[in-house]
Amino acid sequence: MQVSSLNEVKIYSLSAGRSLPEWLSDRKKRALQKKDVDVRRRIELIQDFEMPTVSTKIKVSRDGQYIMAVGTYKPRVRCFDTFQLSQKFERCLDSEVVTFEILSDDYSKIVFLQCGRFVEFHSQHGHYYRTRIPKFGRDFSYHYPSCDLYFVGASSEVYRLNLEQGRFLNSLQTEAAESNVCDINPVHFLFAMGTAEGKVECWDPRTRNRVGLLDCALSSVTADTEIEGLPSISALKFDGALNMAVGTSTGQVLLYDLRSSNPLIVKDHHYGLPIKSIQFQHQLDLIISADSRIIKMWNKDTGKIFTSMEPEHDINDVCLYPNSGMLMTANEAPKMNIYYIPVLGPAPKWCSFLDNLTEELEENPESTVYDDYKFVTRKDLENLGLAHLIGSSLLRAYMHGFFMDIRLYHKAKMMANPFAYEEYRREKIRQKIEETRAQRVQLKKLPKVNKELALKLIEEEGEEQQMSKKRKQKNLPSLLKDDRFKVMFENPDFQVDEQSEEFRLLNPLVSKISEKRKRKLKILEELEAQGQEEEEEPEGKASDAESSESSDDEKGWVEEVRKQRKLLRQEEKLKRQERLKEDQQTLLKPQFFEIKEGEEFRSFKDSAKKQKLMKKTLEDRLKLEEKLGTLNVSDTTVGSKQATFKLKKSEQQRKQQEAEKRHRQERKSLRRSASHLKSRRGRGRLFH
């Protein structure tokens, strides 16, 4: 059993640990339990609480005795009896289950919505009846007063199937092109459906008329959220008579009061994944929302995070056992996870021994899951010289960094910096001394970092205090005393670099602005001291003075910026000259280049010629090609031009053709000489 803690909330994973194969005999299982400590310590709360490959949905019956789950492969449903802590039955199905609903208090009446538009009914003995709906379904809800099943899916209609009469009733015509989820309020039985366009339509089953419309897609977009595409509704859940939670495909959860069209709170998961499930926990006023990666528990009044869980595998569904602190999940893995959170509530009656176990663990605390690991970033790994371990089993990727074994981290840190402990000890001693000094009577001293900036702030603060006293206003808080900016005057990494280009170009502007502020303050003080009753003349004079001063300030600032730019250019020129001197002093070593097969090296002038040729225009290149004979341009009868190109031959091909030509000429000369000799011999025989 693994224990993790977040925000001081302990979460016990009851399904952690290795699972034993089904085909092992009881003797081998007992032998493994004796040898392996992990197998011996694991808790198997419900025997064989798993699926062959993947589990998609999980629900608890209303009496709390049976837990039902569907999954693959092959498509099947499994029912687990909590009183026996084992599996009660298993039924295989013809197609995969999209969702299902338990209509009775126990497992005797179940409805399955399957992939192939099938709706299958099961009774206590097994399969009872099967029918089809016109379009592919995605979700359905059961209306208890009228015994109607409401199906939503890839259609603008909501299909109604009455289980008392055993026939389809007139469907509800909506404005949506498709619908994803639906739910019925358990108090006043209002029917709500979430559409693919990001809207929620509310219908009254008694009159079969739409009574409300919420645009959740527009409300989910806030200043802090980044959304790609139109959010659609992926989850919907009622809480009581007035509250409703809506989950979007972009990872937002909106809590509504049915009396208002604006959400009470918008909670973002910050993963951009569709919300799979929403549950309400009434004891602590929590909302449990889950996407495929994380389960978040947060307060429905303030939105503050209570705790969160990140399972190893992707989540398909979440089920909260009623009136307890037990949470079950269906995952993209064979094993279905069971979590126990004592803060949410006690353990169920059928596993009350969990309370005793957790109390013993709290009395004898052990290290939690993350105590044996250290979180490091990529930069930390480079500093430790362990960047080559990225991708290996020694590092586990998590968010923007990695988890590594704390022992390996300490060894690497000791090798990288053997005097780290002494530096840490000195720093701690220095901090303790500073804390004791802070209790004494302090004189006004400038900080060690950014002294000029601190002096400027102190001067401005003094001037503002004088003005506020005269105007009888409250003093504004000082940056030097603000904890948010405390590090800027303590950490050397925040030291202002006065030699940087940005500072040197902006510094004249900053200095002129401060001078202008001081002059304005002096003028205002003189005006208040004189106490003149007529305000028109001094206002005119002050405006003239300000205009002249502003023009002088602008001229001075421009001249100062020009001077700084000239200095920057001179520095760059000096740096270039130094680089040239260094390049001249360096000795150039000979470099060897490999020539491809079939090519011959002539000279470096060929590349220069090619570069010059590429710089010429297309017209000049065509004229040059005509002169060389590789291009022939002629007019056609239609009036257009026809260009014929001849490919240039390489030096090797040219030599080969010349050799073939010489060979043909030699053969021709040999044939001529041979024919000439034959003719002479024939004449000699005739003469004899």
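The values are calculated or read from the model by the stated rules, or taken from the named source; none is laboratory data. Please read these numbers as outputs of a predicted model, since none were measured by experiment. Neighbour counts run over all protein chains shown; Cβ positions are idealised from the backbone, glycine included. Heads up: the accessible areas ignore ligands, DNA and RNA and are worked out on the full protein's heavy atoms, side chains in. Shrake-Rupley method; radii C 1.70, N 1.55, O 1.52, S 1.80 Å.
Projecting the Cα atoms of ILE265, ILE294, GLN279 onto the charge dipole of segment 218-349, computed from C-beta unit charges around the Cα centre, puts GLN279 farthest toward the positive end.
Averaging 1/r over every pair of different alpha carbons in segment 89-246 and inverting the result gives a Kirkwood radius of 16.6 Å.
One way to sum up the overall shape of segment 368-431 is the equivalent ellipsoid from its Cα gyration tensor, whose semi-axes run 24, 14, 11 Å, largest first.
In segment 202-255, Cα pairs under 8 Å separated by at least six residues give a relative contact order of 25 percent.
Label sites at VAL561 and VAL221, each approximated as a point 7 angstrom past Cα along Cα to Cβ, lie 3.7 nm apart.
Suppose the chain between ASN323 and GLU490 were pulled fully straight at 0.36 nm per residue; how much longer would it get relative to their current alpha carbon spacing?
Values: separation 167, 0.36 × 167 = 60.12 nm, distance 5.19 nm.
Net length gain for the segment: 54.9 nm.
Note on surface exposure: LYS57, LYS486 rank LYS486, LYS57 by accessible area, highest first, 1.4 Å probe. Full extension of the chain between THR53 and LYS668 gives 213.1 nm of extra length, using 0.36 nm per residue less the Cα-Cα distance. Annotation: amide H-H contacts under 5 Å for ALA16 (H modelled 1.01 Å from N, sequence separation of 5 or more, or interchain): GLN2. Less than 20 Å from a label point 7 Å out along the Cα-to-Cβ axis of ASP105: which backbone N atoms in segment 162-192 qualify, by residue? The answer is 186-187, whose backbone nitrogens lie closer than 20 Å to the label point. Here r is the Cβ-Cβ distance between ASP497 and ARG62 and R0 is 51 Å; the resulting FRET efficiency, rounded to 0.05, is 0.15. The label-point distance for TYR424 and LEU455, in a model that sets each label 7 Å from Cα toward Cβ, rounds to 3.9 nm. Computed with a 1.4 Å probe over protein heavy atoms only, the accessible area of GLU560 comes to about 70 Å².
Taking R0 as 45 Å, what's the FRET efficiency between LYS304 and GLU571 from their Cβ-Cβ distance, rounded to 0.05? After rounding to 0.05, the efficiency reads 0.25. The largest accessible area among TYR107, TYR73, TYR12 belongs to the first residue in TYR73, TYR107, TYR12, and the rest follow in falling order (1.4 Å probe, all chains).
Exceedance of the 28 Å cut-off in Cα-Cα distance is limited, within the set LYS59/LYS296; LYS566/LYS612; LYS609/LYS661; LYS428/LYS448; LYS10/LYS349; LYS448/LYS575, to LYS566/LYS612; LYS609/LYS661; LYS448/LYS575.
Evaluate E = 1/(1 + (r/R0)^6) for GLN584 and LYS615, where r is the Cβ-Cβ distance and R0 equals 25 Å; express this FRET efficiency to the nearest 0.05. Given R0 = 25 Å and the Cβ-Cβ separation, E is 0.30.
Size of segment 35-132 from its Cα atoms: along the principal axes, largest to smallest, the extents are 53, 28, 18 Å.
Just by accessible area at a 1.4 angstrom probe, what is the order of PHE238, PHE419 from largest to smallest? Could you put the intermediate results ahead of the total?
Working: PHE238 15, PHE419 120 Å².
Solvent-accessible surface, decreasing: PHE419, PHE238.
Solvent-accessible surface (1.4 Å probe) assigned to LYS451 amounts to roughly 110 Å². Rolling a 1.4 Å probe over the protein chains gives ASP268 an accessible area of about 20 Å². Placing dummy labels 7 Å off each Cα toward the beta-carbon, the span from ALA387 to HIS143 is 6.5 nm.
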